[in-house]
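Data block below; observations after.
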């Protein structure tokens, strides 16, 4: 079996597929790729099934040694990526396209310039052992493949049945740099908060906190107040979702990410709709965020 | 039962008692249609995750309303697991005082009570056990004022109406009454959680 070698993981490089949904009642979150659409696209570009395991690189800086014949694709956050052959020849790697390594070469991701998390898929997928049906790293529970370290050998799975699609460059914009709009719907405890809190939540510009990770993205902005009767009241822990917006006692919102705790005791005022969830993965520290009420029932 | 909104792919069903939560979870696990993809029980709620392409929120709401539990849970017929415990925890005295009994009687009362797993939370395999429906409840035990930074895996603790065995070494604020060698969480088993919701539990005292 061929393998890719990790030369340098960068700040944090994790192995992910589409996660392990269905174990929440045993205390295990679904986890899985943070930017699911980038993950699916990277896999499709190299002819993998959507759920094949790939690398999620935070901030870039990842360097991988790839054997000759490997197909790979880079999606999600943009960086200056280059392929360096053993002879020292360098060529730029286009995002959103399948590239074949003709002679053994190193893939270098530069520091991200748009977005935060880059997906690197290799044709065949990463054949590391699965745990509860998934090859995803749950950073909160400490389950699944360890974060990549220098020297790790990543086994590449067998050639998939589907060929590498002939599509050329897929025209996709890089992740947005400016204000990002996330659509939300009311959460189970929206009525714990004042009408003014709901107005502030859905009209203010919040800033993405640097203290954000795969467990949750913290937002900095106006504090959201509870109705007087419920100030200081403790909520019995209840089930949480990717996208649940919890309000901590100081009134600050946190949008839960893929490695969220299965249950939580902070009231959820709103939930980010499924179609907006992948945008969360690419929010950079300090980036402005607007939450808008999505159309639909409730 | 009250149904609460929870975004575009879930609902939360809220109940007046944990016993009704257990009844709903048991019923829905057995009968839920394909569009209901996950049920997460907790202390007063069941989170119902749906696949909107298979079943819309409105249809899910109708199904849940039509299948609301009418009576609290009985003891059920879940698997029975025996857990051997050495009752030597650091907080035995606190619990004895709360229960108004001797140190030895804490073990006697705890082993005399049949328990059942109501839900899992906090960490993988951290099962919240409550006295089975037929048994007399034990007095509620307050959490410690400050959490311990590290509790060993296998420690048996009490908090409020619950008993739990810590599946992993972790911080925690429960009152510790003993320890067990039972593996609460093991990836070598088909079901990694030893005590899934609905599992009945008997604690057995072993000498220290």
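Quick note: the coordinates plus some simple rules give every number you see, no bench work behind them. All values reported here derive from a predicted model rather than from experimental measurement. Please note: Cβ atoms are built from the backbone with ideal geometry, for glycine as well, and neighbour counts cover all protein chains shown.
Couple of notes before you dig in:
- Whole-number D in µm² s⁻¹ for segment A:180-293, Kirkwood Cα-pair radius fed into Stokes-Einstein, 20 °C, 1.002 mPa s: 156
- Chain A: translational diffusion in µm²/s, Stokes-Einstein, Kirkwood Rh over Cα pairs, 10 °C, 1.306 mPa s: 79
- Geometric extent, Cα atoms of segment A:116-228 - Rg, Dmax (angstrom): 20.9, 61
- Alpha-carbon geometry of segment A:181-234: the Rg and the Dmax are 12.4, 33 Å, given in that order.
- Segment A:144-197 and segment A:81-136 have Cα centres separated by 16 Å.
- Average beta-carbon neighbours from other chains, 10 Å sphere, peptide A:231-240: 5
- Percent RCO, i.e. relative contact order, over chain B, from Cα pairs under 8 Å lying at least 6 residues apart: 22
- Size descriptors for segment A:34-126, from the alpha-carbon set: Rg then Dmax equal 12.0, 36 Å.
- According to the calculation over all Cα-Cα pairs in the protein assembly as shown, the P(r) per 20 Å bin from zero is 22, 49, 26, 3 %.
- P(r) tail for segment B:80-205: Cα pairs beyond 22 Å make up 27% of the total.
- Compared with the alpha-carbon gap, the fully stretched path from residue A:274 to residue A:177 is longer by 32.8 nm at 0.36 nm per residue.
- Going from the fewest other Cβ atoms within 10 Å to the most, the residues B:199, B:45, A:203 appear in the order A:203, B:199, B:45.
- Spacing of the two label points (7 Å from each Cα toward its C-beta) at residue A:159 and residue A:103, in nm: 2.3
- Residue B:75-residue A:91 FRET efficiency (beta carbon distance; Förster radius 51 Å; 0.05 resolution): 0.15
- Ranked list, fewest to most other Cβ atoms within 10 Å of each Cβ, for A:234, B:161, B:26: A:234, B:161, B:26
- Residue B:65/residue B:206 FRET efficiency (R0 60 Å; Cβ-Cβ; nearest 0.05): 0.80
- Measure of compaction for segment A:39-187 (Cα Rg per 2.2 N^0.38 Å): 1.08
- Placing a pseudo-label 7 Å from each Cα along the Cα-to-Cβ vector at residue A:195 and residue B:103 gives an inter-label distance of 6.1 nm.
- Per-residue Cβ neighbour counts within 10 Å put B:177, B:83 in the sequence B:83, B:177, beginning with the fewest.
- If you plug the beta carbon distance of residue B:31 and residue A:7 into 1/(1 + (r/R0)^6) with R0 = 41 Å, you get a FRET efficiency near 0.15.
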